[in-house]
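S.K.: Here it is, the structure in full.
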Amino acid sequence: MNEQEIDKTVRDLFLSQKLPTEKVQRILDQSQSQSKTVWWKYWMPVAAAAALVMALSFQLARNQSSEEFYFDVAGEIAMRHNNYDSFDVQATSFNGVQEELKDLAFSVTPLVKQKLLSAYEVLGARYCQLQGQQAAHVQVKNRKTGALCTLYIASLKGPLSSLKTLDKSVDLEANQVDIWEDSDRLFALVD
């Protein structure tokens, strides 16, 4: 039955009860206006609850301390450093890495800590992800100690943007990770 048939049936029922036509029409008009506006009343609490959950989730995510996030990023980098042996690109310089990893949307050449990184010899590189973003995983060798190290470079976008402006050294169980910002890029060195 559609709405018009229902209205006709209700009208006939009320008229058979000897109600005045004006009252019957008023009852039908009220039921139509209520049926058009009542539906949102049922969804209002659901929408309010969803908005509250979203607001609380956003607030909790914002309240994650930068210390915890540094630790998470450093842990992700150290894990890959300790578990990755083969590199797609053999290169002996940052320029060589840049030429071979053509799809990178950022430069891998350091500007700020170039002197620090001159103590390391570039051996190879590969594409990778860091916190869901494209990154370069560069294998370097400490010229003094001969130890193989990892240098991660990523653009400071998305969640990584919260690491801007802070240089940090994170001591993990097996590794030390130095993290710094350089021209809107994140650099992380694992010794």
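No lab work stands behind these numbers, since they all come straight from the coordinates. Everything numeric here is computed off the predicted structure, so don't read it as measured data. When we count neighbours, we look across all protein chains shown, and the Cβ atoms used for this are built from the backbone with ideal geometry, even at glycine.
S.K.: Taking 41 Å as R0, compute the FRET efficiency from the Cβ-Cβ separation of VAL112 and ALA50 and round it to 0.05.
M.R.: 0.40
S.K.: Past the 21 Å Cα-Cα mark, which pairs from LYS102/LYS157; LYS115/LYS157; LYS115/LYS144?
M.R.: Check vs 21 Å cut-off fails for LYS115/LYS157.
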